[in-house]
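Right, one structure below, let's go through it.
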Amino acid sequence: MLGTLAAAGCAAPDGPATKTSSAPPVTSAPASVADTFPRYDSLRAELIAALEEKLPGITWARDKPAALSRLDDGRCMLYPQTMKSSADVVEPSNHFADIFSAGDPVLARHGFPAFGGTDDVPGGWVVARSTDAAGATLTIESKSPAYLRISVPVKSATCDPAELPQS
């Protein structure tokens, strides 16, 4: 495994090391949609503003609206709106180094650990993830264009999209 990590790290010497994300243990119980949505939607908006400031010329727009979905294991997941970049971000961000320098402070303010590297993902994707103590995962993945996605376990008896705030 160390050989794989070392080889992957050599593939992009100008950027952060490639390593597999490992989520911290979940230590917080899911909260209601009403309590959860504003917190993670604010994270999304703040991170997009930081990325647009750090990478001028690359804008982010809504890709998919916010959604709720019941997983096969019975958990209800909140997905704040997905964002899509106007261009690929890998090269302009020094293989995500600039994304980390812009994003890590935002993650810290919202209780997430720093990105810490990119995942070794097949198919040419460059992916960075961070997971907080509530089990929420923020992912930035790029293969022309890039996407920002957040998934959050929430407490909901019905997991009905009507619980989402109206925008």
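The values are calculated or read from the model by the stated rules, or taken from the named source; none is laboratory data. All figures in this text were calculated on a predicted structure; none of them were measured in a lab. Reconstructed Cβ throughout: ideal geometry from the backbone, glycine too, with neighbour counts over all protein chains shown. Surface accessibility is based on the protein's heavy atoms, side chains included, excluding ligands, DNA and RNA. Shrake-Rupley method; radii C 1.70, N 1.55, O 1.52, S 1.80 Å.
The figures follow:
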| read-out | value |
| --- | --- |
| Lys143 paired with Ala49, simple spin-label distance in nm, labels 7 Å along Cα-to-beta-carbon | 3.2 nm |
| Amide H contacts of Gly117 (H built 1.01 Å from N, under 5 Å, at least 5 apart or other chain) | none |
| Net charge contributed by nearby residues that have their C-beta within less than 10 Å of Met83 (K/R +1, D/E -1) | +4 |
| The stretch 81-95 - phi-based ³J(HN,Hα) in whole Hz, Karplus 6.51/-1.76/1.60, Gly and Pro as x | 3, 7, 10, 10, 7, 7, 7, 5, 10, 4, 5, x, 9, 6, 6 |
| Heavy-atom accessible area per residue - the stretch 36-167, 1.4 Å, Å² | 46 Å² |
